[in-house]
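A quick write-up on the structure given underneath.
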């Protein structure tokens, strides 16, 4: 075999390539340690054996320590921000968690709890973590083989590697897939060639750990990482037949498959074995239900899940990054929990460097940031590489930094939507001024609510690192502005205080130096603690107008050519609340807006139907209980009739049991597979909202102590993601109780067997309880079973119609009549939309708004008067009414309780 | 005229609550506010409750009507039956001494840029009015003010200066008691062109064309400057003279001429509200104060424009209550007999009070429903919703939430565990605006008796009228 000479990537000296596993640098002082392997990523002979990493600066794995993967035995485990994963696409460790990369199209996108990353060597985004979009991963405690959380090897691992290759190696050339990382066997072979037999043993130790008796081997005899949780002695704080552990004393031990007891849901059909869910179909391992990740004691923080690949030495706990959060389904069904969360959050220690545990990302605003777990690991954020547009880059940045923040808080996106001339800029200016000055200047009936300015550079440092390019910083400074202390302050002083209106936002042509379209953000604090960020966008009305024209036929933002339109559309889809500014001067508002109201309505239709079904279930369940009580007193004739009736209904009972069991299984699987990303988890809960609502409603009636206890525990341990997950798991586990399961089945049957009239009555009761004015047809319930739940507007629950310039134009009183009189086409959709949002515990509100109270004629125009004569009306209310509704903030007592 | 004073409603002396807090208003209103998003809290926020005391005074039950104002407009000077009172320089001199203005900072559309309107050399209120229009015309057509010593730098600026110099000279009888003393720039401008009505008409046409051209006709008809220029053009064209009368130029904005009502279109069913019974509007503070001065002159009563407190007490305080009882405070005049929000009566369906003027019954019903019965006798009408109403008080742009009462000089005493203040009128000469009360029907949020706004005293506004009081302050 001929020897090839190449240039050393570490010192630029000549190297002799003996084989892919044996390349030796001529330079005896080579900083790379002279001996190199072929790196499958950069495809150079630059993997330094002594360093354990590639020394080619352009390599995507440059400087990253690679360890042996205990699963595939390749030197292919790297770690990014504490999260380790194998670079081998074929590795079993992520057999279920590798998906198709949207960039390169290969099945090479590894899902980790914190991010997803493509490992294909020729992918432009290789090794660039990005926010998660799908949820295929398995939990760490699943106990079904290696999870994707591959812990960094202990220190002695590195030492062993160094020792193994500390001098020249004589390695026979081996055929290696050029893309494949090193194979352990090859390393062993190399080591054997080096020291005549010692090395393989040591390498083997590296690869399998030492001879600790607790080591577990797989079916092939390979030692694998232990990842199961050995419960520490502790009582179950949840009391739901679940055995949580004190994570501080938790040792991760992998359970064998046999040890994993499948959870069988309650006898779905005690009569027929068909209805007993098989372990396979249930697919909930005991470890899942019985091994919560976090410890209830002593603090409700995310608990690092120590992973001990080599149990000889007690490894440093490696935090499980970003436990999966779970959405509370909606406000009403979990009122006690929400109440528990609503306590005033404690201030974050300024110096806390660690990331807080991710709090439930909500499709409402119900969550609050919680305290960080000491020693937690910051989820990696990164600058998306494939974005050219400034505004899209800014959106992604906001998504990472504020909307789905590392501190676990999920900020509501409230989009202020208005056509040209509707007064957006003036509205936002006054809104910012009110937020900035609060009670000192304005009517501001919100307790202890203040704002803090957004420091873009600080956010960049925090999320993209201090090494973020100056170019990116410039872009973000231009495109992300602080609403209160920057944008509003300037406009207020320059224009409104100068008795002139804030000029209309200029439409960007793409050539101007000044960014006219930008995001506005502000941080809302209650009692000094962040409760959310308000994020909206300032751009020209023409842009909104164009989007409106397309929205009816739009299915994806990709259909939009303009980056600005794409971002607007994304924002709209991400928005929890939308403020639609209506210019009373405009004659075509009705024509312009009716599409968007229709889209809103249609997008949330199925969710609304599911919410209705859940609420109807509650009433039906209450009726069922009453019926059960009355049945105790029925006479013999009635009993015979009842028996006959039941006989006829056996089949339906059976189906109902099967369906409930299936629903439980699906929910559990979905929770188990829920990714750590906000959107991913939000999706899971949103998609299963109906069943969750149903389960909670039934449990509240038959086992009220469940909620009570949950309240107490949440209050005591915090609203951590882990606790939420545990709560939902416990919720499911409760249905192993035959009695409860039966009640749930009965409730379902009650719904399905009710006559049309009964359904109407139940719906009417729901409507009355929610104050829904529009009649809901009983056939609407059928929508709940539709599978085509729209992804559009998936968080939307609040729509506010803000009629601006009411100081100069006749107002309609009461304001809720405005659509009826002034927007007749929209009104058709708004009526229905209002019912839907109410079912989702949101609302449609109408406001007559004025930024200044009264404008005075000055020459041929009407202009603002003196600054201290401003009486802004309904500027902050459309926004804060949403926050109040979510109990994110509190109103003053004198505002709402009617007390004098 | 004596009847105008005789009809006044007496408001007894005593304490009352100036301003109001949201927490203390009628719970029914608060419930309505929460339900309807009316913004009452925002409206009340700038006027927190302060206990103040006022001496007894009397107030007109309705706003001054077109008919009443026309009577004034036709009144003759007390010592010269040949001369209309409005053509008597003493009237306008008196008003200027009563409400003088100094240098007024005026914002421009350019951020951070202000212009100064200087009235320090004005002789009378009419002089100030003319100068105010001149400044506005210069800003509008030239973009800036021309120094008083300059005659202009091009044809248009020269025309502007000439037109207003001509007007000042034409109204010299209500500006100067002695010789006409124009500014140097004005004299130069007049000297640079022909001193004939035709030449001034040409200048006037040029200025008017420039002012009108960017505007739609309907808008132009509402612009006071254009209305004034058109009146001048009409007068010069008809009379071929540049000598003017006050009534030619400064009658209320919406009066076509001195007898506007005679030209009103007849109604088929005679259901229109009579023109002379409608509130007069479009009069500047000085023109309103001139009416009060006339009334004072002819009745020898201390008639004057009301202070803010006098207005508010009349329309928002139960005069039967003499102690410091917060419950006696109302934010709507009609609260004594119904608890409805402002918008229930005004602008509820997008229509304005103006539309009711065509239906006398509806208009009178509205007046009745929104009236306030004074416990000590009499009924007050048109308290809010029928337009702003001039007060004699200046509007301090620096004041916040009645902090004038926090000054050390505020006279206060403790009463019933509350602090009771002598009311402090704002008479700061540095203030360029005057306060108005009452609220028009077209308003952001609710009109309340506590609501204040600020208007320039040198303009008549379509939504601003006035009423008078007979008060100790008028005796000064």
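Read-outs: derived from the displayed coordinates by stated rules, not from any lab. All values derive from a computational prediction rather than experimental measurement. Backbone-built Cβ (ideal geometry, glycine too); neighbour counts: all protein chains shown.
Could the peptides A:839-851, B:190-202 be put in order, highest first, of the mean number of other beta-carbon atoms found within 10 Å of their residues? Could you put the intermediate results ahead of the total?
Numbers: A:839-851: 25.8, B:190-202: 15.1.
Order by mean packing, descending: A:839-851, B:190-202.
The ranking of A:537, B:206 by Cβ neighbour count inside 10 Å, starting from the fewest, reads B:206, A:537.
What the Cβ-Cβ distance of residue A:820 and residue B:80 gives, at R0 = 45 Å and to the nearest 0.05, is a FRET efficiency of 0.15.
In terms of overall dimensions, the C-alpha atoms belonging to the stretch B:157-212 reach 35, 20, 18 Å along their principal axes, ordered largest to smallest.
Go ahead and estimate [θ] at 222 nm for chain B from helices alone: -39,500 (n - 2.57) per DSSP H run with n ≥ 4, summed, over the residue count, rounded to 500. Counting only the DSSP helices, I get -10000 deg cm²/dmol. Cα-based values for chain B, radius of gyration first and Dmax second, are 23.2, 73 Å. By the count of other C-beta atoms within 10 Å, a proxy for reagent exposure, B:8, A:882 are ordered fewest to most as B:8, A:882. Both radii come from the Cα set of the stretch A:573-617: Rg as radius of gyration, Rh as Kirkwood radius; their ratio Rg/Rh reads 1.14. Sorted from greatest to least, the principal axis extents spanned by the alpha carbons of the stretch B:100-244 come out as 43, 38, 27 Å.
Here the stretch B:283-365 is treated as an ellipsoid with the same Cα gyration tensor; its semi-axes, largest first and in whole Å, are 28, 24, 11.
Computed over chain B, relative contact order equals 24 percent, with contacts defined as Cα pairs under 8 Å that lie 6+ residues apart. When peptides A:477-484, B:443-450 are ranked by their average number of other Cβ atoms within 10 Å per residue, the highest-first order is B:443-450, A:477-484. For the peptide B:338-345, the mean number of other protein chain Cβ atoms found within 10 angstrom of a residue's Cβ is 2. Residues of the stretch B:134-153 falling in the label zone of residue B:209, defined by backbone nitrogen less than 18 Å from a point 7 Å along Cα to beta-carbon, are B:141-142.
Give me the percent relative contact order of the stretch B:100-244, please, defined on Cα pairs under 8 angstrom at least 6 residues apart.
Numbers: 163 pairs, mean separation 30.4, N = 145.
Relative contact order here is 21 percent.
For the peptides A:544-553, B:13-22, A:441-450, the ranking by mean Cβ contacts within 10 Å, running from highest to lowest, is B:13-22, A:441-450, A:544-553.
Counting neighbouring beta carbons within 10 Å and listing from fewest to most, the residues B:110, B:120, A:522 come out as B:120, B:110, A:522. Mean partner shielding of peptide B:449-455, defined as the number of other chain Cβ atoms within 10 Å of each residue Cβ, is 4.
With contacts taken as Cα pairs under 8 Å at a separation of at least 6 residues, the stretch B:50-119 carries a relative contact order of 15 percent. Per-residue shielding of B:433-443, expressed as the average number of other chain Cβ atoms within 10 Å of the residue Cβ, stands at 3.
Rounded to 0.05, the FRET efficiency of the residue A:420 and residue B:364 pair, given R0 = 45 Å and the Cβ-Cβ distance, is 0.60.
Kirkwood Rh, the stretch B:427-475, all Cα pairs: how many Å? It would help to have the intermediate numbers written out before the result.
Numbers: mean 1/r = 0.0784 Å⁻¹.
This gives a value of 12.8 Å.
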